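Here's the structure, in structure tokens; my notes come after.
The values are calculated or read from the model by the stated rules, or taken from the named source; none is laboratory data. Here the structure is a predicted model, which means the values were calculated and not measured. FYI the Cβ positions are ideal-geometry reconstructions off the backbone, even for glycines, and counts take in every protein chain you see. Heavy atoms of the whole protein, side chains included, go into the accessibility calculation; ligands, DNA and RNA do not. Shrake-Rupley method; radii C 1.70, N 1.55, O 1.52, S 1.80 Å.
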Amino acid sequence: MKKLNVAMIGAGFMAKAHSLAYAGMPMFFSPAPAMPVRKTLVDIDEETAKQAAESFGFEKYTTDWKEAVNDPEIDIIDICTPNKFHEEIAVAAAEAGKHIISEKPLARTAEEAKRMYEAVEKAGVKHAVAYNYRRTPAVVLAKKFIEDGKVGKILNFRGTYLQDWSADPESPLSWRFQKEIAGSGALGDIGSHVLDFARYLVGEISDVNAVTKTYIKERPVQAGGVDNLGTVKGESNVEKKPVDVDDEFMTMLKFENGAVGSIEATRNAWGRNNFLTFEIHGEKGSLYFNYERRDELQVCFTDQDSERKGYKTLYTGPAHPYGENLWPIPALGIGYGETKIIEVYEFIKSIVEDTDLSPNFEDGYRIDVIADGILKSASKESWVSV
Ligand code: SOE
């Protein structure tokens, strides 16, 4: 069986999720399109790289990402670094002829994302951006219902992504709160996932009108190198530094196909864990998805025989998208890991079959254009075309 050697750039929890995906993909998709080999793990800190290579199952490690990018043995570069480093690594990897999967958002700005997209297109390598939630079987089922006309002409889209891991003012100043490293706050970190849902399920966005808020203006400087997603009592020292990104954004949307919508996202919503949702209303029906109940898709189709139209809950299983590859009993539970496994399967399949896949760097670039437009709209307090 063909093998593809992977170099993982980064050692945080995204690198863990991607590593699990490479290990698990051949167990769920058998025969696998190719066997991913966890070859090299890269982190700037040698001890972190060593430990991550051992626990994530990589054959070797290095502190120099250029060594991995220029290694002729490596076929795939997997970018799991803070957003600031995506462009430099991806452009170098493309020039070295490597296939690339990058964590989202593709870059800090549309300008950076455009250069990444141009580099992979010029190099003719395969490229993917890790908007994994669209791989959830219930989301793919929603897409199928839309394509089959069950919802009819889509009228509107409402999306949310609410978390609370940074609602505590003592939650440390992770790189996700620093514009120079992240580009934006909740917008790029989690709002971009909802923008991916909107484009995937409804279509291209044409205009935005947004508001942004920064609730916590400074946070304790984070101790240690690994990103703490939330308050780690006693570890954050007393020094505080300013937050220069959004804690929340809300935007109205206009779609090219005439639909309208709204998205809101924040990481300061006490009581919400990973509350990623969408609700779509069409002329013939509606769909509702909540990632926290990700085995379920709520549907309401006007052709249903019932006196009172209401949502019916479908539980995804063997009869649904990816069902024959996942667990044999409905609602055994699709996890975050399974969405990453499906993501890696589609990426490796596109390499082996030389087919294009979505979401790729063009999608990542479009989402970054829309995100830049949201920030511009919030500062102008007016509609902005994107
Ligand atoms: C933090 O908000 C985060 O880890 C995001 O960066 C991920 O994209 C999301 O899947 C989970 O939450």
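What the table below lists for this structure:
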item: Dipole magnitude of segment 242-376 about its Cα centre (Cβ charges: Lys, Arg +1; Asp, Glu -1), debye to nearest 20; result: 500 debye
item: Three-way shape label, segment 34-101, alpha-carbon gyration tensor, a/c 1.5; result: oblate
item: Residues listed by number, segment 146-162, amide nitrogen under 19 Å from Glu256 label point at 7 Å toward C-beta; result: 147, 153-157
item: Top of Thr302, Thr160, Thr266 by mean-square fluctuation, Gaussian network on the chain, Cα under 10 Å; result: Thr302
item: Å² of accessible area per residue within segment 7-110, as computed with a 1.4 Å probe and no ligands counted; result: 40 Å²
item: Simple Cβ-charge dipole of the chain, Lys/Arg +1 and Asp/Glu -1, about Cα centre, in debye nearest 20; result: 720 debye
item: Modelled FRET efficiency - R0 35 Å, Ala23 with Leu155, Cβ distances, 0.05 increments; result: 0.25
item: P(r) histogram, all alpha-carbon pairs of segment 3-132 included - 10 Å bins from 0, percent; result: 14, 47, 33, 6
item: Listed residues Ile44, Ile76, Ile367, most fluctuating in the chain (Gaussian network, C-alpha, under 10 Å); result: Ile44
item: Among Ser30, Val69, Ala96 - extreme Cα towards positive end, dipole of segment 3-132, charges at beta-carbon; result: Ser30
item: Apportionment of accessible area to carbon and sulfur, segment 3-132, percent (1.4 Å); result: 49 percent
item: Computed [θ] at 222 nm, deg cm²/dmol, the chain (DSSP H ≥ 4; -39,500 (n - 2.57); rounded to nearest 500); result: -9500 deg cm²/dmol
item: Heavy-atom accessible surface of segment 235-357: percent carbon and sulfur, 1.4 Å; result: 50 percent
item: Rounded Å value of the spacing that divides the Cα centres of segment 347-381 and segment 254-305; result: 20 Å
item: Cα-based shape type of segment 244-305, given that a ≥ b ≥ c are square roots of the gyration tensor eigenvalues and the cut on a/c is 1.5; result: oblate
item: Candidate aspartates and glutamates for bridging to Lys114, where Cα separation is under 14 Å - those fewer than 8 sequence places away on the same chain excluded; result: Glu87, Glu88, Glu362, Asp363, Asp368, Asp372
item: Segment 161-238, dipole about Cα centre (Lys/Arg Cβ +1, Asp/Glu Cβ -1), debye to the nearest 20; result: 140 debye
item: Centroid-to-centroid separation of segment 75-127 and segment 25-43 [C-alpha atoms, Å]; result: 20 Å
item: Listed residue (Pro328, Tyr288, Tyr131) projecting farthest to the positive dipole end of the chain, Cβ model; result: Tyr288
item: Segment 173-247-segment 128-156 distance, computed between alpha-carbon centres (Å); result: 26 Å
item: Modelled label reach - Glu353, point 7 Å along Cα→Cβ, segment 32-48 residues with backbone N closer than 11 Å; result: 33
item: Simple label model, 7 Å out from Cα along Cβ direction - Glu147 to Lys122, nm; result: 3.4 nm
item: Contour minus Cα-Cα distance for Lys66 and Lys284 (0.36 nm per residue); result: 73.2 nm
item: Relative contact order of the chain, pairs being alpha-carbon contacts under 8 Å that are 6 or more residues apart, as %; result: 20 percent
item: Reach of Lys39 by Cα under 22 Å, taken over lysines that are not fewer than 8 positions away in the same chain; result: Lys2, Lys3, Lys16, Lys50, Lys60, Lys66, Lys98, Lys126, Lys340, Lys349
item: Gain on full stretching of the segment that runs from Tyr311 to Met35 - 0.36 nm per residue minus C-alpha separation; result: 95.2 nm
item: Shape metrics for the chain, restricted to C-alpha atoms - Rg then Dmax, Å; result: 20.7, 66
